[in-house]
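Following: one structure in structure tokens, then a few remarks.
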Amino acid sequence: MYENRLLKLTEGMTSLGIDVALLTDDDTIYYLTGYFDFLHMEFGRPTILAVERSGKSLLITPTIDYNTSIDLARVDRIAPWNDGRAAEWRTELPDLVGDTRTIGVEAPAISSTVSGYLDQLVDSSRIQDISPIINDMRMIKSAEELDMARHAGQVSLAMMQAGRDAIGDGVAEFEVAIATAESGTRKAAELLLQHYPDSPMSPNVHFLQIMASGEQITRTHHRASNRIMRRGEPVFLCFCGMTNFHRFKLGFDRTFWIGEIGDTRQQALYEVAVASQAAALEVLRPGVIAEDVHAAYAEVIQSAGYEYPFRCGRGTGFSFLEKPQLVGGDKTVIRPGMVLAVDGSVSTADFRAQVGDSFIVTKSGIECITRYPKAVDSAIVD
């Protein structure tokens, strides 16, 4: 699998005249080599995957991660480096870039530390953005990735159910977050044992990314807090990126109420949000244009007298945001093998309603992998 991905990358490099690719994004490095267990943050210790047009691959990694890289990285050579020794991670780069070679980087994702050093080494005219090649490769998932997506959906559903069960009058938001993390981790552990018995992946899910309740529900990216929820209040749960099963991320969110809808005006807004997602899903099929899916969603919201709050959806996978985006201006043709998060939402000054799910695009349509009730009655938690 990884050998084929590297081969496809080198074919793309050849078409663009790129001699060597220098890649630092941890999701891309995992996608191409299977290596994942490093720090995943800019911490002054970059990990770099160098791929030459000939197919030779080199992983430049801190010594502290060397043993892990030996176990996981499907590359030709590993070059460990240590803090304060010689030129550290820079040692290999002058020979790799040479005097005339064209270098490919993921411009939006390259480490600022590595980018700054490259600017000292070579003229900017020798650096090309290789992102379009990698984005197109990652956009269409393999059979193995689609299985991971389905399993990630099962983890998401376990978290959503646990979150719904934990919501109640007098309950603190953070208690809901704890319940979702525990349930998701247990489901992930079960799936890893059943389907990936030799995998070194951790079952731990990310902590609850977004939760808001009551008057704070309009805070789109609010984290679970000490706030005590009360009967009649709305509650929003979002698991976008939280799943992280086998590093696969999904989009999945729901709006609930505790006991009853305290402000009855909110029900109509919720129904517009649900209808906007339904309109997008009526359009979403292989062969349609990404922006047309967004247009169907936006039409429902605007016809109801509101402005759409954000894009209708996005591609997901090993990264939180992948190609395509379901938004005006994205001309990408929808194709089988894509995994897409599709939302429906309405926002006002004092309330926001949102529902969202993830879908696999099939040859004949779409497959929902986060199937969970959206009817108003099911959104009211007794």
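So is residue 314 touching a Gly at 6+ places or on another chain (Cβ under 9 Å), in the same structural domain as residue 156 (by TED's automatic domain parsing), buried (at least 18 other Cβ atoms within 10 Å of the Cβ) and within 23 Å of residue 132 (Cβ to Cβ) or not? Working first, answer last.
Working: touching a Gly at 6+ places or on another chain (Cβ under 9 Å): yes; in the same structural domain as residue 156 (by TED's automatic domain parsing): yes; buried (at least 18 other Cβ atoms within 10 Å of the Cβ): yes; within 23 Å of residue 132 (Cβ to Cβ): yes.
Yes; evaluated as a whole, the condition is true for this residue.
Need a quick list: helices (runs of 4 or more DSSP H) entirely within segment 1-102 having at least 2 residues that are within 24 Å of residue 199 (Cβ to Cβ) and of a type outside the set (A, V, I, L, M).
Of the helices (runs of 4 or more DSSP H) lying wholly inside segment 1-102, those with at least 2 residues that are within 24 Å of residue 199 (Cβ to Cβ) and of a type outside the set (A, V, I, L, M) span 2-16, 26-33, 66-72.
Please work out if residue 323 is crowded, with 18+ Cβ neighbours inside 10 Å, of a type in the set (Lys, Arg) and more than 13 Å from residue 278 (Cα to Cα).
yes
Exactly one condition in (1) over 21 Å from the mean Cα position of the chain (by Cα); (2) of a type in the set (Gly, Ala, Ser); (3) part of a loop (DSSP other than H, G, I, E, B) is false for residue 298; which is it?
With respect to (1) over 21 Å from the mean Cα position of the chain (by Cα); (2) of a type in the set (Gly, Ala, Ser); (3) part of a loop (DSSP other than H, G, I, E, B), residue 298 is out only on (3).
Among the residues of segment 223-247, count how many are of a type outside the set (Gly, Ala, Ser) and part of a loop (DSSP other than H, G, I, E, B).
Adding up the residues that qualify gives 14.
Taking the residues in segment 98-112 that are closer than 11 Å to residue 126 by Cα and aliphatic (A, V, I, L, M) as candidates, determine which candidate is farthest from the chain's Cα centre (by Cα).
103
All but one of (1) farther than 30 Å from residue 188 by Cα; (2) touching a residue at least 40 places away in the same chain (Cβ under 8 Å); (3) surrounded by fewer than 23 Cβ atoms within 10 Å (Cβ to Cβ) hold for residue 262, so report the exception by its number.
So the condition that residue 262 fails would be (2).
Within the group 164, 150, which residue is of a type outside the set (Val, Ile, Thr), surrounded by 15 or more Cβ atoms within 10 Å (Cβ to Cβ) and within 22 Å of the chain's Cα centre (by Cα)?
One residue alone meets the criteria, 150.
Give me the pairs, please: first residue somewhere in segment 39-63 and over 21 Å from residue 85 (Cβ atoms), second residue anywhere and part of a loop (DSSP other than H, G, I, E, B) and modelled with pLDDT of 95 or more, beta-carbon distance under 6 Å, and either six or more positions apart or on two chains.
53/19; 56/76; 57/75; 57/76
Residue by residue through segment 179-222, note down the ones that are assigned to a helix (DSSP H, G or I), crowded, with 17+ Cβ neighbours inside 10 Å and hydrophobic (A, V, I, L, M, F, W, C).
Correct list: 179, 181, 188, 191, 192, 217.
The values are calculated or read from the model by the stated rules, or taken from the named source; none is laboratory data. Given the structure is predicted, the values throughout are model-derived calculations rather than measurements. Backbone-built Cβ (ideal geometry, glycine too); neighbour counts: all protein chains shown.
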